[in-house]
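Engineer: One structure coming up, written as structure tokens, with questions to follow.
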Amino acid sequence: MAWLWRFTLLASVYTAGASLWAQDVASDPPELSLQQAIQIALDNNRPAQITQMDITKAHWQVAQAKSKRFPEISTYFFGSGNLTSPTFTFKKGLFGKDSSGADSPSKDVHIDLAHGFTGFAMAQVAQPLSQLYKIHLAIREQELGADMATQKYQAKRQSLVADVRQAYYAVLQTEGALEAEKLTVKQYQETDRVVLNYVAERSALKSNSLDVKAKLAQSQYQMVQLRDTLTTQKEYLNNLLGRDLDTPFRTQPVPPVTPEETDLTIARQTSLKQRPEIKEAEIDVRRADYDRKLSKAQYIPDIGAAFHYLSPINTQILPENIASAGVEMKWDPFDWGGRRDEVKQKEITLRQSKYQLTETRSQVLLDVDNNFRKLSESRALVVVAGAARDAADEKLREVTDQFGKSVVLLRDLLEQQAAAANANHEYQQSLLAFWSAKANFDKALGEE
């Protein structure tokens, strides 16, 4: 009868597995590859789109700064009703004698400035001249701001790609753990069924059955935890992709490891060329330099060409059209050292930005070195886990063969099946850890 129990157990495991596989295939959601996830995130991620809009806004700020080079045209209108009655008085004889020898005017003359509504309209056109140098510096500073926005967006893209990779690998890791736990649950269920039969036949103790039930309950609880964790991770990944949190998807298996990165020097050089943090620090140095030059330019007087037009409205004595053209200048010769103090501040800011650039480069190299070593460690761990998996699989094959010959007990077979499943799970975990380390290393290099 022992062989019959063994055959029935193996047949039930196979049948249950085939049934679950058929259900999974029938209800499979759409497959989502890692590259598809990255592309969807780059197209739809909301924080990335917000950062990208900063580039467009920065270019409009450059255009606004460039408009300062053109003539400034301004108009002004003032209309009023006089609260007083202003008049012009021309005294008798103010203009001397006329041809007949009489005083001109012959008596005091009072002329009202206006009656009722009055006012004046004024227009001015001013073309900056000496200010063009300051405007040029301001334009260059705004262009560097646009470059900074571009680098920030590039950094956001790289960070987003790294986050998507990590989130995708986390989903794969939890899915692998869940599958392993499902197998463990099925093994405990079969063991529980067999032990119950043994208890009924009085060939096993009831405590043995209770032990199996306790382990089964623990595995089922872990499955609940893993399912909840998987749901949370999928919602997080969907949020990174900028789509509905409940969008169903299934992942692709992790590919084999890539060839080993052997040249740390090349990795360092690549990171110094590609990392957005370094480019941002370099832009900060140039912006600080232009800011210092702008402060120095405050010593230059503001000189420009100007055209003025004034037209009084509803007046009796003032000319109707007054137009003039010339050169205007504004300069504050004494500011009690204010401009000098501002220049000194800008010089200190420039030195700070240079120190920050050096520090940023050092931090980038530290990051590359650290991730390079972690990648090497994770690659070695994959080899170790692969060897352990192969050993466990071979041991399972041997125990299965011995079980068919009634050499080992069912308990030994189930234990080895669990050990093989655990070894395979650890291999998958090490493989995912390698790809996670690879994602961090690519981010350290400044690559997407």
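The values are calculated or read from the model by the stated rules, or taken from the named source; none is laboratory data. Quantities reported herein were computed from a predicted structural model and do not represent experimental measurements. Note that we place each Cβ from the backbone using ideal geometry, even for glycine, and neighbour counts take in every protein chain shown. The accessibility values were calculated without ligands, DNA or RNA, using every heavy atom of the protein model including side chains. Shrake-Rupley method; radii C 1.70, N 1.55, O 1.52, S 1.80 Å.
Engineer: Is it the case, given these coordinates, that Ala204 is modelled with pLDDT of 80 or more and open to solvent by less than 60 Å² (accessible area, probe 1.4 Å)?
Structural biologist: Judged against the criteria, Ala204 is not a match.
Engineer: For the stretch 123-178, which positions are open to solvent by 40 Å² or more (accessible area, probe 1.4 Å) and part of a strand (DSSP E or B)?
Structural biologist: Result: Gln124, Val125, Gln127.
Engineer: Another question, if that's okay. Pick from Lys91, Lys57: which is more than 23 Å from Leu310 (Cα to Cα) and in contact with an Asp or Glu (Cβ under 8 Å, 6 or more places away or on another chain)?
Structural biologist: It is Lys91.
Engineer: Among the numbered criteria (1) surrounded by 15 or more Cβ atoms within 10 Å (Cβ to Cβ); (2) under 16 Å from Ala281 (Cα atoms), which one does Ala385 miss?
Structural biologist: Result: Ala385 passes all but (2).
This table checks each residue for (1) more than 30 Å from Ala325 (Cβ to Cβ); (2) in contact (Cβ under 8 Å) with a residue 12 or more places away in the chain.
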| site | (1), (2) |
| --- | --- |
| Arg250 | yes, yes |
| Gln269 | yes, no |
| Asp284 | yes, yes |
| Gln298 | no, yes |
| Ala305 | no, yes |
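Engineer: Could I ask something else about it? Pairs, please: C-beta under 9 Å, at least 6 apart or cross-chain, first residue outside any strand (DSSP E or B) and in the stretch 71-87, second among the polar types (S, T, N, Q)?
Structural biologist: What qualifies is Pro71/Gln127; Asn82/Thr118.
Engineer: Sticking with this one: Need pairs with beta-carbon distance below 8 Å; first residue on the phi > 0 side of the Ramachandran plot and within the stretch 311-337, second modelled with pLDDT under 90; sequence gap 6+ or separate chains.
Structural biologist: Pairs that qualify, where the first residue is on the phi > 0 side of the Ramachandran plot and the partner is modelled with pLDDT under 90, are Asn314/Ala114; Asn314/His115; Asn314/Gly116; Asn314/Phe117; Asn314/Thr118; Asn314/Gly119.
Engineer: When you scan the stretch 99-107, do you find a residue that is surrounded by fewer than 12 Cβ atoms within 10 Å (Cβ to Cβ), part of a strand (DSSP E or B) and of a type in the set (S, T, N, Q), even just one?
Structural biologist: Checking the stretch 99-107: not a single residue is surrounded by fewer than 12 Cβ atoms within 10 Å (Cβ to Cβ), part of a strand (DSSP E or B) and of a type in the set (S, T, N, Q).
Engineer: Just one of Ala297, Ala305 is under 27 Å from Pro71 (Cα atoms), open to solvent by less than 50 Å² (accessible area, probe 1.4 Å) and in a helix (DSSP H, G or I); which is it?
Structural biologist: After ruling out the rest, the residue left standing is Ala297.
Engineer: Moving on. Just checking, does the stretch 77-92 include any residue being open to solvent by less than 60 Å² (accessible area, probe 1.4 Å) and of a type outside the set (Gly, Ala, Ser)?
Structural biologist: Yes: the stretch 77-92 contains one or more residues that are open to solvent by less than 60 Å² (accessible area, probe 1.4 Å) and of a type outside the set (Gly, Ala, Ser).
Engineer: Now a separate question. Select, from Gln274, Gln352, Gln316, the only residue that is open to solvent by 70 Å² or more (accessible area, probe 1.4 Å) and in contact with a helix residue (DSSP H, G or I) (Cβ under 9 Å, 6 or more places away or on another chain).
Structural biologist: Answer to the check: Gln352.
Engineer: Let me ask something additional. Read through the list (1) assigned to a loop (DSSP other than H, G, I, E, B); (2) free of Cβ contacts under 8 Å to residues at least 12 places away in the same chain, then give the number of the only condition that Ser67 fails.
Structural biologist: (1)
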